[in-house]
Amino acid sequence: MKRKLVAGNWKMHGTNADLAEVAALARAHPDPRVDILLCPPATLVVQAAALAADSPLAIGAQDCHPAASGAHTGDISAPMLADAGARAVILGHSERRENHHESNDLVADKARAAQRAGLIAVICLGETLAEREAAQTLEVIAADLRASLPEGATAANTVIAYEPVWAIGTGLTPTAAQIAEVHGLIRSLLAERLGEGEAAGLRLLYGGSVKPANAADIFAIADVDGALVGGASLKAEDFSPIIKALEATA
Ligand code: PGA
């Protein structure tokens, strides 16, 4: 049986002072019915992983370089993240696609690196507002999924997060029908690529302004296996109710 997943993305937030939130989260769900992942900035991965040891909370990272090592000043490789205690890595987030001009090819290369290092790749895709208004959402999602999903992707080593760019950090969310439509498309494209069984087991997360107040409604939508949560993952008191809302569906 597939375990649903709630993942938190701290983005460029968090210093030592915020590790208390990690400790609180690690204690708050002793026997969860869903998987819980928190991705702090790379500077906190070692300490967060130590705080989460012997708890159900897994720690992840927010990006990696496609190479294992080399002359890449400022970059961090997937084996380094695994060595630091990360179990997963977010890849192709729209903020990286935009701020760092990351292409689908690069995202796929990074996902291969994550696979080799034994990390779960959380691959993000989503349309911009202009693309949605031009009725291009489904073709954008299909093209991005085809090109950023590497060969070798499985239900065990890959998670897909659908994150409409216009919903991230804005308080706006798509309608239930819009989310269901995109998740249904992703599931059927995965079935073509990986086969029905593998596609059914691969977790599809929705991301973009998920909050305690809307989590239950979002988790009730077909083909939504969890959430990727930004702002509301920064405090355990906000993140925990979202985890509980997913548990209620598991
Ligand atoms: P948000 O961010 O929950 O703050 O909208 C989601 C994300 O970017 O992963």
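A few comments on the model shown:
- Take each peptide in 152-158, 123-129, 240-246, 70-76, count the other Cβ atoms within 10 Å of every residue, and average; sorted highest first, the result is 123-129, 240-246, 152-158, 70-76.
- A rounded overall shape is assigned to the chain, the ratio a/c of its alpha-carbon gyration tensor axes (a ≥ b ≥ c) being less than 1.5.
- Charging the Cβ of each Asp and Glu at -1 and of each Lys and Arg at +1, and nothing else, the dipole of the stretch 1-118 about its Cα centre rounds to 420 debye.
- Too-long pairs where the Cα-Cα distance tops 20 Å, listed order kept, from K4/K110; K11/K110; K2/K110: K4/K110; K2/K110
- Accessible surface computed residue by residue for the stretch 172-250, with neighbouring protein chains in place and a 1.4 Å probe, gives 39 Å² per residue.
- The 3J(HN,Hα) values that the Karplus relation (6.51, -1.76, 1.60; θ = phi - 60°) gives for the stretch 210-218 are, in residue order, 6, 9, x, 6, 10, 4, 4, 5, 5 Hz. Gly and Pro appear as x.
- Helix-only CD estimate at 222 nm, as mean residue ellipticity for the chain, using -39500 (n - 2.57) per DSSP H run (n ≥ 4): -12500 deg cm²/dmol
- Spacing of the modelled spin labels on K2 and D54, each 7 Å from Cα toward Cβ, amounts to 3.4 nm.
- What you get for the chain, charging only the Cβ of Lys and Arg (+1) and of Asp and Glu (-1), is a dipole of about 480 debye around the Cα centre.
- For D63, residues with placed amide H under 5 Å, excluding near neighbours: I90
- Theoretical FRET efficiency, 1/(1+(r/R0)^6), r = Cβ-Cβ of A248 and E98, R0 45 Å, to 0.05: 0.85
- Of the residues I243, S209, L194, the one whose Cα sits farthest towards the positive end of the charge dipole of the stretch 5-247 is I243 (charges of +1 on Lys and Arg Cβ, -1 on Asp and Glu Cβ, taken about the Cα centre).
- For the stretch 26-95, the fraction of 1.4 Å probe accessible surface lying on carbon and sulfur atoms is 53 percent.
- The stretch 113-250: C-alpha gyration tensor shape, a/c 1.5 cut-off, then a/b vs b/c: oblate
The values are calculated or read from the model by the stated rules, or taken from the named source; none is laboratory data. Because the structure is a prediction, the values reported are computed rather than measured. Reconstructed Cβ throughout: ideal geometry from the backbone, glycine too, with neighbour counts over all protein chains shown. Note: accessible area is taken over every heavy atom of the protein model, side chains too, but ligands, DNA and RNA are not part of it. Shrake-Rupley method; radii C 1.70, N 1.55, O 1.52, S 1.80 Å.
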